[in-house]
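Before any comments, here is the structure.
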Amino acid sequence: MVVNEQVNPTMSPIPKTSWRVSLAQTVLMGQAEMAGRWQQVGQALAVGVLGKTALNDYMGKVYESHSTAYDPSHYQLDCEEKILPYLTQHHSSGRLLSAFCGQGREAKFFADQGFDVTGIDDNRSMIDGARAYARDAGFEAHFELANFLGYTPETPYDVVYLSPWMYDTFPDPADRILLLEHCATMLAPGGVIVMSYVQLVKPDRLWEKARHWLSITAANLSGSDWRPRFGDRFYVGIFHHFFVPGELESEVETAGLKILEQQKSANGLFDFCILSGWEASCS
């Protein structure tokens, strides 16, 4: 098995732990002791204090330190079951890339459906776990250690599947658009991208505006290297950008892609899209 360990030179390395990360960890870890709105206040302040550079550090550490939490033996979701009926209208088999594959939960689902699955992740413990899971659970999939934005497949894919909610963990819209564009470069003719995201169902609520003000104020007072955007927040200890209506669609359009299918949930916590590649978008 060939292991691809190429690194995208345009991505900054994760820095050492800073006071910003330590402070945010303290605030977020203490949320269990907070109630209701005070918990959300702590989240809003953490978003502002961290900044973009320290946020990358924090998210990397969370992913690394919680690798066991992604063990498929006890980490199961029904996301793929919800997506499958829409995906099979476009592809019911073929080559599928499971991007940010973790320990192989999604890879197994699609392999069981008959797809030829490759999973990639830049975390060695995740890839080791995915290979062990495939062996123990008895499904066929190829796993590679690789940075997604630096990954170039020898053969294009019919489906590029972004792990649930991965798209909205990128804080910068330009990085999210770059992610979509890179997905498009890996598609075979007629191929599709599958992605999920979270949406802010009631963006006009006064509290949403107050939350954003708290994040901006914390960023200004702490000298942060970014200005949080409306919808930036922590949810279950992980950064997510909650999209306002029309925002996701604008990013897809900027990437030069087209939405083939779009399904929205009542609470906005699991919305998903199936996107066409550049070839179909230009036709």
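Overview of results
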{"item": "Sole exception among (1) modelled with pLDDT under 95; (2) of a type outside the set (Val, Ile, Thr); (3) closer than 22 Å to ILE193 by Cβ for ASP112, by number", "result": "(1)"}
{"item": "The stretch 173-195 residues that are in contact (Cβ under 8 Å) with a residue 12 or more places away in the chain and over 24 Å from LYS82 (Cβ atoms), paired with ones that are small (Gly, Ala, Ser) and buried (at least 20 other Cβ atoms within 10 Å of the Cβ) (beta carbon under 8 Å, 6 or more apart)", "result": "ILE177/ALA255; GLU181/ALA255; PRO189/GLY277"}
{"item": "Test: residue in the stretch 179-188 that is part of a helix (DSSP H, G or I), touching a Pro at 6+ places or on another chain (Cβ under 8 Å) and either under 28 Å from PHE115 (Cβ atoms) or not assigned by TED's automatic domain parsing to the domain that holds TYR157 (or both)", "result": "no"}
{"item": "Single residue of the stretch 224-240 satisfying the filter (in a loop (DSSP other than H, G, I, E, B) and modelled with pLDDT of 90 or more) that is farthest from the chain's Cα centre (by Cα)", "result": "ARG227"}
{"item": "Any hit, the stretch 205-219, residues being touching a helix residue (DSSP H, G or I) at 6+ places or on another chain (Cβ under 9 Å), crowded, with 17+ Cβ neighbours inside 10 Å and without any contact (Cβ under 8 Å) to a residue 40 or more places away in the chain", "result": "no"}
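Table: residues versus (1) free of Cβ contacts under 8 Å to residues at least 24 places away in the same chain; (2) of a type in the set (Gly, Ala, Ser); (3) surrounded by 23 or more Cβ atoms within 10 Å (Cβ to Cβ); (4) farther than 20 Å from VAL41 by Cβ.
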| residue | (1), (2), (3), (4) |
| --- | --- |
| ASP168 | no, no, yes, yes |
| PRO203 | no, no, no, no |
| TYR235 | no, no, no, no |
| VAL252 | no, no, no, yes |
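The values are calculated or read from the model by the stated rules, or taken from the named source; none is laboratory data. Quick caveat, the model's predicted, so the values are computed rather than measured. Because the Cβ atoms are built from the backbone with ideal geometry, glycine has one as well, and the counts that use them run over all protein chains shown.
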